[in-house]
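Inspection log for the structure reproduced underneath, given as structure tokens.
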Amino acid sequence: MATKSSKTAKTTKVAKAPAKAVKPAAKTVKPAAKKAPVKAPMKAVKKPAAKPANSTSSGATTLTISSKNYSSWSMRGWLLVKFAGLGFDEVMLDSKDAAAKAEILLLSPSFLVPCLTHGNVKVWDTLAIAEYLNELKPNAGLLPTEKVARAMCRSVCGEMHSGFSAMRAALPMNLKGHFPKFKVWSRAQADIDRIVEIWQECLSTYGGPYLFGKKISMADAMYAPVVTRFLTYNVQLDEDCAAYCKTVMAVPEVKDWISAAKKEPDDIDELDVEF
Ligand SMILES: N[C@@H](CCC(=O)N[C@@H](CS)C(=O)NCC(=O)O)C(=O)O
């Protein structure tokens, strides 16, 4: 599946939002990013989501993302759509641009990326996107076919989604960076230890090379930015986990994302959010 889905998505960088959207939305930008976002239930909207002025015209399906170098959730969402084999246009938000931040309020009610717009349906939050894609493309294998494996896959995805905050804060994704002498503090190390335990259990139970066996799954998309972090910060791993990292780094979609991240302009400051 990894190769089958390596369609090229068109990328669109969001330009200034229409003037009317900027003022009211811009005021709410900072607090919304810091506080717990209001989570509305996933809903079908009557009209397609408001599109940025320069969004591509074919856009029945779009994925709104931000920095490819720093935004680990964008990377997960993007990989999930690719692994599902769904064609889509990328809408790239400039995280520093207040007008673009106003746009994201229109595109993603939680004010977070990624956000998938599929015809009349808008899905935000990576786990919801993963489940939606699995319903849409049940044969893509985002979840294992066997019930117990599926339950475990959902559990480890959930654990990634809701946990490891010390590791995420201390070792932010930075695909261009390499910090071989990085000192991992104890709480982040505890998160790393738990991730290693998850990987070891999955690899030994399902035989690799991916977490749930021969097919890449949503779990691999969820943990891909952890793989890149371990390489960026030179986290020492056992043989099996190191081999898993190599496997993930060789996935064509992962390579595509990383190579695009490396081409991203350097003028993006550290984003003031937790990754
Ligand atoms: N729980 C959310 C987390 C998404 C998230 O935190 N996204 C970050 C980027 S990695 C974001 O949109 N931050 C706001 C910003 O970049 O302005 C999900 O699963 O999608």
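The values are calculated or read from the model by the stated rules, or taken from the named source; none is laboratory data. Being a predicted model, the structure only gives us computed values, none of them experimental. Note that we place each Cβ from the backbone using ideal geometry, even for glycine, and neighbour counts take in every protein chain shown.
Might you check whether a residue that is more than 14 Å from the ligand (Cβ to nearest atom), touching a strand residue (DSSP E or B) at 6+ places or on another chain (Cβ under 7 Å) and over 22 Å from K262 (Cβ atoms) occurs anywhere in segment 213-220?
Here is the first cut: in segment 213-220, the residues more than 14 Å from the ligand (Cβ to nearest atom) are 213-217, 219-220.
Now drop any that are not touching a strand residue (DSSP E or B) at 6+ places or on another chain (Cβ under 7 Å), which leaves 216-217, 220.
Filter once more, so that each one left must be over 22 Å from K262 (Cβ atoms): 216-217.
Yes, the conditions are met somewhere in segment 213-220.
Taking into account only those residues within segment 56-77 that are modelled with pLDDT of 95 or more and of a type in the set (A, V, I, L, M, F, W, C), which is nearest to the ligand (Cβ to nearest atom)?
The residue in question is W73.
Only one of these conditions is not met by K183: (1) free of Cβ contacts under 8 Å to residues at least 40 places away in the same chain; (2) part of a helix (DSSP H, G or I). Which number is it?
So K183 meets the others, but not (2).
Taking segment 140-163 as the region of interest, how many residues are in contact (Cβ under 8 Å) with a residue 60 or more places away in the chain and outside any helix (DSSP H, G or I)?
Total satisfying the criteria: 4.
Kindly indicate whether V235 is part of a loop (DSSP other than H, G, I, E, B) and over 23 Å from Y132 (Cα atoms). Before the answer, list the steps.
Details: part of a loop (DSSP other than H, G, I, E, B): yes; over 23 Å from Y132 (Cα atoms): yes.
Considered against the rule, which asks whether it is part of a loop (DSSP other than H, G, I, E, B) and over 23 Å from Y132 (Cα atoms), V235 comes out as yes.
Out of the residues in segment 244-266 meeting the condition of being surrounded by 12 or more Cβ atoms within 10 Å (Cβ to Cβ) and of a type in the set (A, V, I, L, M), tell me which one is nearest to I195 (Cα to Cα).
My answer is V248.
Can you tell me which condition S165 does not meet? The list is (1) surrounded by fewer than 19 Cβ atoms within 10 Å (Cβ to Cβ); (2) in contact with a strand residue (DSSP E or B) (Cβ under 8 Å, 6 or more places away or on another chain); (3) on the phi < 0 side of the Ramachandran plot, and all the others hold.
Evaluating S165 over (1) surrounded by fewer than 19 Cβ atoms within 10 Å (Cβ to Cβ); (2) in contact with a strand residue (DSSP E or B) (Cβ under 8 Å, 6 or more places away or on another chain); (3) on the phi < 0 side of the Ramachandran plot leaves (2) as the failure.
Need pairs with beta-carbon distance below 7 Å; first residue buried (at least 24 other Cβ atoms within 10 Å of the Cβ) and within segment 210-237, second of a type in the set (D, E); sequence gap 6+ or separate chains.
L211/D220
For V196, are the conditions met, namely being in contact with a helix residue (DSSP H, G or I) (Cβ under 9 Å, 6 or more places away or on another chain), of a type outside the set (K, R) and not in a helix (DSSP H, G or I)? Break it down stepwise before answering.
On the way: in contact with a helix residue (DSSP H, G or I) (Cβ under 9 Å, 6 or more places away or on another chain): yes; of a type outside the set (K, R): yes; not in a helix (DSSP H, G or I): no.
No.
Could you check segment 119-145 and list, in sequence order, the residues that are over 19 Å from H161 (Cα atoms) and either of a type outside the set (D, E, K, R) or within 12 Å of the ligand (Cβ to nearest atom) (or both)?
The answer is G119, N120, V121, L136, P138, N139, A140, G141, T145.
S155 fails exactly one of the following numbered conditions: (1) surrounded by 14 or more Cβ atoms within 10 Å (Cβ to Cβ); (2) of a type outside the set (V, I, T); (3) farther than 23 Å from V113 by Cβ. What is the number of that condition?
Going through the list (1) surrounded by 14 or more Cβ atoms within 10 Å (Cβ to Cβ); (2) of a type outside the set (V, I, T); (3) farther than 23 Å from V113 by Cβ, S155 breaks only (1).
Tell me whether segment 165-180 contains one or more residues that are among the polar types (S, T, N, Q), outside any helix (DSSP H, G or I) and within 16 Å of the ligand (Cβ to nearest atom). Walk me through how you get there before you give the answer.
The initial filter retains those residues of segment 165-180 that are among the polar types (S, T, N, Q), namely 165, 174.
The next check asks that each one be outside any helix (DSSP H, G or I); those that pass are 174.
Next, from what is left, pick out any that are within 16 Å of the ligand (Cβ to nearest atom): 174.
Yes - at least one qualifying residue is present in segment 165-180.
Assess whether L112 counts as being in a helix (DSSP H, G or I) and either within 13 Å of the ligand (Cβ to nearest atom) or on the phi > 0 side of the Ramachandran plot (or both).
Working: in a helix (DSSP H, G or I): no; either within 13 Å of the ligand (Cβ to nearest atom) or on the phi > 0 side of the Ramachandran plot (or both): yes.
No, not satisfied.
I'd like to check something: does segment 132-140 contain any residue that is surrounded by fewer than 19 Cβ atoms within 10 Å (Cβ to Cβ), acidic (D, E) and more than 16 Å from the chain's Cα centre (by Cα)?
yes
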